[in-house]
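Read the structure below first, then the notes.
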Amino acid sequence: MSLPFTVLEFDPKSTAKKVDGAAIIMLQEWWGINDTIKSHAQHLSDLTGIHIAVPDLYKGKVGLTAEEASHLMNGLDWELAVKELGQLVEHLRGQGYAKIGAIGFCMGGALSLALASAATQAKAPIQAAIACYGTPPDDFKVESITPETAVQGHFAGKDKQVGFSDPAAADALEVKLAHLGNRCNIFRYPEQGHAFLNDDDWGISKRKELGFVSKEIDPKKDEQAVRDQAWQRITLLFLDTLQ
């Protein structure tokens, strides 16, 4: 199958812990495919032993400033993107990856849930979907997700992205997914700001520039325990659903 975008692939550095027959689709922030998302992909593959596929939704373009990233995100046709992600799911299954999960950050977090909803409506649900600080527009009907897909959300208590990833948006998402019962967990991190999992130098500089984190702290050190907790929860869900 010919895919409409380039897909970067990541596998665990240690083959001893590789999980066969499973793949995770990782979806980018509004910046595009940069070193931050590549680092997340390798990190998660090493934690889980699972193959990671990172589709380039911007098809070669990357935002280096908030203005550029906003322009790219606003120019993305989300309905088309979700359809193209459905093609990636089909492609991965054709390659022998019977169990599929999705995770995204910021814009990608919203798209992860949109993909899970679309896959459910197509009667081909994925096994897990994780949203890190992002929720999709109502058009994508996340309430259609069934318990066949386990859902996790990670949201920051000091996130100021109103209606998208702020505490009220996290609460609204939890209400929409209440029918999933224990198949859905929305985690809150009260003292964190948006994009708190980004711990590379460039990512931290952008978080400080945009006011997502205090300029007075050292996020690499001061947020380590919170990041570890979030990654542990992410890892456990994927191992529980994709092994």
Original post:
Out of the stretch 176-205, which residues are surrounded by 22 or more Cβ atoms within 10 Å (Cβ to Cβ) and on the phi > 0 side of the Ramachandran plot?
Top reply: Ala195
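In this structure, does Gly193 turn out to be within 19 Å of Gln127 (Cα to Cα) and either within 17 Å of the chain's Cα centre (by Cα) or among the polar types (S, T, N, Q) (or both)? Break it down stepwise before answering.
On the way: within 19 Å of Gln127 (Cα to Cα): no; either within 17 Å of the chain's Cα centre (by Cα) or among the polar types (S, T, N, Q) (or both): yes.
Criteria not met by Gly193.
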Original post:
Which ones in the stretch 128-158 are more than 18 Å from Trp231 (Cα to Cα) and in contact with a Gly (Cβ under 6 Å, 6 or more places away or on another chain)?
Top reply: Lys158
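Suppose we keep only residues that are of a type in the set (D, E, K, R) and over 17 Å from the mean Cα position of the chain (by Cα) within the stretch 159-181. Which one would you say is nearest to His194 (Cα to Cα)?
So in the stretch 159-181, the residues of a type in the set (D, E, K, R) come out as 159-160, 166, 171, 174, 176.
Checking which are over 17 Å from the mean Cα position of the chain (by Cα) leaves us with 160, 171, 176.
On the way: Lys160: 7, Asp171: 16, Lys176: 22 Å.
Top of the filtered list is Lys160.
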**OP:** Report yes if Ile145 is surrounded by 15 or more Cβ atoms within 10 Å (Cβ to Cβ) and among the hydrophobic types (A, V, I, L, M, F, W, C), otherwise no.
**Re:** yes
Subject >> Given (1) under 24 Å from His43 (Cα atoms); (2) in contact with a Gly (Cβ under 7 Å, 6 or more places away or on another chain), index of the condition Lys221 fails >> reply: (2)
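Would you mind finding the one in Arg188, Arg207 that is of a type in the set (Lys, Arg) and farther than 18 Å from Thr135 by Cβ? Explain how you work it out, then say what you get.
Working: Arg188 fails: farther than 18 Å from Thr135 by Cβ.
Testing whether each residue is of a type in the set (Lys, Arg) and farther than 18 Å from Thr135 by Cβ leaves just Arg207.
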**OP:** State which residue pairs qualify: first residue within 17 Å of Leu57 (Cα to Cα) and inside the stretch 33-46, second residue part of a helix (DSSP H, G or I) and modelled with pLDDT of 95 or more in any location, beta carbons under 9 Å apart, and separation of 6 or more residues or different chains.
**Re:** Asn34/Trp202; Asn34/Gly203; Asp35/Trp202; Asp35/Gly203; Thr36/Trp202; Thr36/Gly203; Thr36/Lys206; Ile37/Gly108
Subject >> Breaking point among (1) free of Cβ contacts under 8 Å to residues at least 12 places away in the same chain; (2) out of contact with any Gly (no Cβ under 9 Å at 6 or more places or on another chain), for Ser117 >> reply: (1)
Original post:
Can you name the condition, by its number, that Ser117 falls short on among (1) surrounded by fewer than 19 Cβ atoms within 10 Å (Cβ to Cβ); (2) in contact with a Ser or Thr (Cβ under 6 Å, 6 or more places away or on another chain)?
Top reply: (1)
Subject >> Condition check for Ala170: farther than 19 Å from His51 by Cβ and surrounded by 19 or more Cβ atoms within 10 Å (Cβ to Cβ) >> reply: yes
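Please tell me if Gly60 is over 25 Å from Leu237 (Cα atoms) and at pLDDT 95 or above.
On the way: over 25 Å from Leu237 (Cα atoms): yes; at pLDDT 95 or above: yes.
When the stated conditions are applied, Gly60 passes them.
The values are calculated or read from the model by the stated rules, or taken from the named source; none is laboratory data. Computed from a predicted structure; not experimentally measured. Note that each Cβ is placed from the backbone with ideal geometry, even for glycine, and that neighbours are counted across all protein chains shown.
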